[in-house]
Amino acid sequence: MNDNKFLLNTPKLKKENQLISLVEHQTKFNLNNCEFSIYETHKTAFDVKLHFETIAFTAMLRGKKHMKLENKTGYFDYFPGESMLVAPGETMVIDFPEADETPAQCISLSLNPDFIEDSLNYLNYTLPKVDETSQWHIQLDEYFLFNNKPLAMATNNIMRIAMDDNSQKDVMADFALKELLIRLMQTQARSMVEKNIAKNKSRIGFAVDYIRKNLHQKLSIDSIAKLAYVSKSNFFKMFKDELGTSPNDFILQERINKAKELLAGHNSIKETAYQTGFSDTNYFTRVFKQLVGITPKSYQNKVVLFE
């Protein structure tokens, strides 16, 4: 389980007497360039099919689904804090094994393909990527995502606009959808980087690989930029565009992610700090608590408890 994923806002569940169906009851909100739906299931059910004609972004809000994409995957569990991109013409095949006790709630955004194409063309023309081998595009194969904070905030924003009674909602939704597309692409890029899919295929892949191999020592942005054959200013732009974060913040988060691995492996706090590039244990503890929410010692105790 990923303990860094962000949960979305959860609209109130409907009472059962308000539901047309106890399985995947749909509340629909139509906007100019997308159809936003909230689905609720209050009854255990199996082999429920949900089909999308256009590209769709879905996210879990409550409960659990055990599901597969008919043309793509075997069965997997789908939980709150997780999102999925569904290709045009794809069908979800869903089980709801726990809905009697814990109702399931999710959302979907079926997106206008012309709006997506226009938005991507605009980005590629006005905000081209630093790496000439890379363009703004949606990866249909990178479909399963853990919500990071920017993606969760963008999703919550489009949910709020869609459900609001506002005469300007279509205009606001178009701006919100463009942000959602950017955050989605950045989350996909981050996910691919984490899986080393981008390794050695791009400047960002090289930079990330270099950072990960050298977390134990001091890292210079100037030096990494030179190794990636890009100016310092473009190096910062590359990280912001591709991953939605700065190089410094990325390095710090990678140090903490590595620290969590080491702590789970029963390394001492002092040794963990040293191996992740922190010369001061007290500073390491402060940064760890700031990013994780608990101290390294508390995190280690928590991991041991669940072993």
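Some observations on this one:
- Cα-Cα over 23 Å, subset of Lys213/Lys260; Lys149/Lys232; Lys64/Lys149: Lys149/Lys232
- Charge tally around Leu85: other residues with Cβ under 13 Å, Lys/Arg +1 each, Asp/Glu -1 each, net -2.
- Kirkwood hydrodynamic radius of the stretch 6-139, Cα pairs, Å: 16.2 Å
- Where Asp164, Asp131 fall by accessible area, highest first, once all protein chains stay in place (1.4 Å): Asp164, Asp131
- Along the axis of the charge dipole computed for the stretch 194-307 (Cβ charges of +1 for Lys and Arg, -1 for Asp and Glu, origin at the Cα centre), the listed residues Gln253, Leu219, Ser298 are led at the positive end by Leu219.
- Angle between the chain longest axis and helix 203-213 axis [Cα atoms, degrees, rounded to 10]: 60 degrees
- Degrees, to the nearest 10: 113-126 long Cα axis against longest axis of the chain: 30 degrees
- The residues Arg160, Arg183, Arg255, sorted by heavy-atom accessible surface at 1.4 Å with ligands and nucleic acids left out, run Arg160, Arg183, Arg255 from largest to smallest.
- Among Phe52, Phe206, Phe175: highest mean-square fluctuation, GNM of the chain, C-alpha pairs under 10 Å: Phe175
- Spin-label model, Thr44/Thr102: points 7 Å from Cα along the beta carbon direction are separated by 1.5 nm.
- DSSP-assigned coil residues among GluC sites (Glu not before Pro) in the stretch 1-103, each with at most 12 further Cβ atoms within 10 Å: Glu53, Glu101
- Evaluating 6.51 cos²θ - 1.76 cosθ + 1.60 at θ = phi - 60° for every residue in the stretch 269-283, the Karplus couplings come out as 5, 5, 5, 4, 4, 5, 6, 10, x, 9, 7, 10, 5, 5, 5 Hz, glycine and proline recorded as x.
- Rolling a 1.4 Å probe across all protein chains gives Thr54 an accessible area of roughly 50 Å².
- For Lys129, the residues whose amide H sits under 5 Å from its own are Trp136, ignoring neighbours fewer than 5 places away on the same chain, with H placed 1.01 Å from N.
- Here the Karplus relation 6.51 cos²θ - 1.76 cosθ + 1.60, evaluated at θ = phi - 60°, turns the backbone of the stretch 167-183 into coupling constants of 5, 9, 4, 5, 5, 5, 5, 4, 5, 5, 5, 5, 5, 4, 4, 5, 5 Hz, with x for every Gly and Pro.
- Low-density loop cleavage sites - trypsin sites (Lys or Arg not before Pro) in the stretch 44-117, where at most 16 other Cβ are within 10 Å (DSSP): Lys72
- Heavy atoms of the protein chains alone define the surface here; on that basis the chain has 52 Å² accessible area per residue at 1.4 Å probe size.
- Expressed as a whole percent, the accessible surface of the stretch 96-213 that belongs to carbon and sulfur atoms is 52, based on a 1.4 Å probe.
- For the residue pairs Lys15/Lys302; Lys178/Lys240; Lys14/Lys49; Lys68/Lys240, the alpha carbons lie more than 26 Å apart in Lys15/Lys302; Lys68/Lys240.
- Computed 3J(HN,Hα) for the stretch 72-78, one whole-Hz value per residue from the Karplus formula 6.51 cos²θ - 1.76 cosθ + 1.60 where θ = phi - 60°, is 9, 9, x, 6, 8, 8, 10, glycine and proline marked x.
The values are calculated or read from the model by the stated rules, or taken from the named source; none is laboratory data. All of these numbers come straight from a predicted model, not from anything done at the bench. For neighbour counting, all protein chains shown are included, and Cβ atoms are generated from backbone atoms with ideal geometry for every residue, glycine included. What goes into the accessible areas is simple: the full protein's heavy atoms, side chains included, and nothing from ligands, DNA or RNA. Shrake-Rupley method; radii C 1.70, N 1.55, O 1.52, S 1.80 Å.
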